[in-house]
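Rule-based calculations on the coordinates, nothing more; no lab input. Here the structure is a predicted model, which is why all the values come from computation and not from measurement. Cβ coordinates were reconstructed from backbone atoms using ideal geometry, including for glycine residues, and neighbour counts include every protein chain displayed.
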Amino acid sequence: MLNPQTPHSLIGSILSHFVSGDSLTAQAPAMLSARASRFASTANVTRFASRHVTSSQHFTRFNSSTASSSEEQGNGQEQGSRAPPIRKYASKEPNELEIEEVLRQEKKPDYLLQSVARSLRELEVRDNLYMPYRVRRQAYPVPLSNNPVHVKNAHVHVGKKKIPSLWLRDNCQCAACMHDATKQRLIDTFAIPRDIAVQTYSFEGVEDSESHALWVQWTDGHCSKYPIRFFREALKKEGTKAIQRIGLTELALWGKSVVHEPAPSVQYGDVMKGEMKQMLQHLRKYGFCYVDGTPFEDPNDTKVLLEKIAFIRETHYGGFYDFTADLASKDTAYTNIALEAHTDNTYFSDPAGLQALHLLSHTEGLGGASLLVDGFTVARKLWNKDRKAYNILSTVNVYGHASGNEGISIQPYRGFPVLEHDDATGDLLRVRWNSSDRASIQLPVEHVEIWYDAARQFDSLLKKEENEYWEQLKPGRVLIFDNWRVLHGRSSFTGKRRICGAYLHRDDWISKFKMAEFGQEAILKGLAVN
């Protein structure tokens, strides 16, 4: 849908700039009408139509479509609070796909096609695309009391929804189809007949109990058993599925005064005894956690601590690092100058998930306080302040680079926006921000100012005192933080500092969190439906 504050002439100029010929001219108004009608008044739509559509037939088609499309408003929206959002759906709608198809038919170059599609996405600012970040700890299954599981015309239905038989057969959980230990598929999916159907069926167990299940004998002769719970899980919304799939639980947004006072922390001894859950919960909820009581005479103790969470990630800096301010690696982190709030690894396609820092010693000097900024807090504030800026930072791709070391120049395989969102749920997933490592901006050079204007606002919020959490690191206190969410920096310092630490992969630590939070059995049961 189009931003109500965006001049309609801009929409037309986007299309006319990239596309020539009658095909798109004839179809674009009708395609765009469903988007425009939800916010624009009929009068505005009429003015836009008359400005960009010369055929009266096309004008009527465009104007009349507004009524039917307005009925769609609100479909699929979450009920409840209208709190500031931190979510953005990035999936394409049919109208946008239609426009791309027209472009393909006219054999326009791919870069033109992509530019139009991207421009349309940048103009989409809709209430139902920006949902509040839901604070929740568990999924609530869709009640099936009014949606009974039944078989009709040789296919399983839940209420009025037909469950594809091919999908059900492909996700049979028996030992012949799914390896009992690894949960890897053993059957050849594409050997299943495309028209497979239910031959016979029966129910067992007490209704609405864990034992309630559906037995199916398929037309290929195989028998499958599906707990009714399986269908309940399959019908959950994507936002609910994400709880278990990506470990989406309660988040506490914070600023100068961290919500959790004192700052979230655990004891080294507890972690080394295997008591990991509280530390992992702190990392997921707040984005950082201190580990107190860590031995600091030997950096290997810190290394062993981090390996309790996940494997240490190897980069061009090595693996576990132990350094002083000697510029041994060509990066400003290896100096004593102040560092503004930033995330690491913007030059990687897959930035590190966690980073750890442990100050082993600081002699003959002062300074070097550590700065933390909650990137999700700042993103929410930007959305409140300027939705257009938020949208630009969510759609315009930027490239990073690491080129200081001899023989190395690393860049990601593609550009990424500052604010990255989960395509399936709309949740803000990752913040990429490091002005020092920024390379090119993926916009025509004559248009890059729109990104700079949006980024200036984000930068201004990052530097507000109310969003900065400062604390002096000290030996024995390891700082671990989520590099996809929390920006870090430091003040300048004098003297000699020795720091050790490492990067950990995102998938590894989230896996460890999910196992601690939900349990292995629940996770394995939900693989096909989450």
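Sorting check: for 452-464, 227-239, which peptide has the highest mean count of neighbouring beta carbons within 10 Å, and how do the rest follow?
Packing order, densest peptide first, comes out as 227-239, 452-464.
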Please enumerate, by chain and number, the lysines with C-alpha under 16 Å from the C-alpha of LYS525, excluding those fewer than 8 residues away in the same chain. LYS183, LYS225, LYS236, LYS241, LYS514
Using label points projected 7 Å from each Cα along Cα→Cβ, tell me how many nm separate CYS177 and LYS160, to one decimal. 2.8
Only residues of the stretch 186-202 count here: report those whose backbone N is under 18 Å from the spot 7 Å along Cα→Cβ of CYS223, or say none. 197-202
From Cα pairs below 8 angstrom and at least 6 apart in sequence, can you work out the relative contact order of the stretch 265-517, rounded to a whole percent? 38
Here the FRET efficiency for SER492 versus GLU446, based on Cβ atoms and R0 = 25 Å and rounded to 0.05, is 0.10
Most to least packed among 169-182, 200-213 [average Cβ atoms within 10 Å]: 169-182, 200-213
Length gained, GLN278-SER460, 0.36 nm per residue minus C-alpha separation, equals 62.2 nm
Cα-based shape type of the stretch 148-231, given that a ≥ b ≥ c are square roots of the gyration tensor eigenvalues and the cut on a/c is 1.5: oblate
Provide the packing ranking of 288-299, 368-379, i.e. peptides ordered by the mean count of other C-beta atoms within 10 Å per residue, highest first. 368-379, 288-299
Note, the stretch 464-479: 3J(HN,Hα) by Karplus (6.51, -1.76, 1.60, θ = phi - 60°), whole Hz, Gly/Pro = x, goes 5, 4, 5, 9, 9, 10, 10, 7, 7, 5, 9, x, x, 10, 8, 9
What full-extension length gain, to one decimal in nm, is calculated for SER436 and ASN300 as 0.36 nm per residue of separation minus the Cα-Cα distance? 45.9 nm
Give the lysines reachable from LYS463 as a straight Cα distance under 26 Å; neighbours fewer than 8 places away on the same chain don't count. LYS88, LYS256, LYS285, LYS330, LYS381, LYS385, LYS388, LYS474
Rounded to the nearest Å, what's the spacing between the alpha carbon centres of the stretch 270-328 and the stretch 185-207? Just the number, please. 47
